[in-house]
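To start, the structure itself, in structure tokens.
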């Protein structure tokens, strides 16, 4: 007669076998690694000017068009006083003269918003591609 050998369990009574659990975790890990889409994070794109792009004369000629607005609503374009009605002609003339479509608007701290908005609208209507705003900082004592 054959006698059956009784296998003794390696685990002590009451312990849990973690091998299938670890196998499942590894399978889930592999699944998530395979299905994950890696996003290409873009940084800041900077266009640096190369030396051969423009001659020195063109680079020196290219100035920003500065519009200064006083607290009372008086306009100055590139250092020349201009009335509100002749502001469009002055801006387009200076953009053509300076070979640049960038406009910098500098308002007095007490300037009403309507004067600044008017200057923005006129500059945009004359074909300004970029606009910036500047303030003059007070000297600290």
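Each reported figure results from applying straightforward, stated rules to the coordinates on display, with no laboratory input. All figures in this text were calculated on a predicted structure; none of them were measured in a lab.
General remarks:
- For the stretch 59-134, radius of gyration divided by Kirkwood radius, i.e. Rg to Rh on alpha-carbons: 0.94
- Extension reserve of the residue 76-residue 16 stretch, reckoned as 0.36 nm per residue once the Cα distance is removed: 13.2 nm
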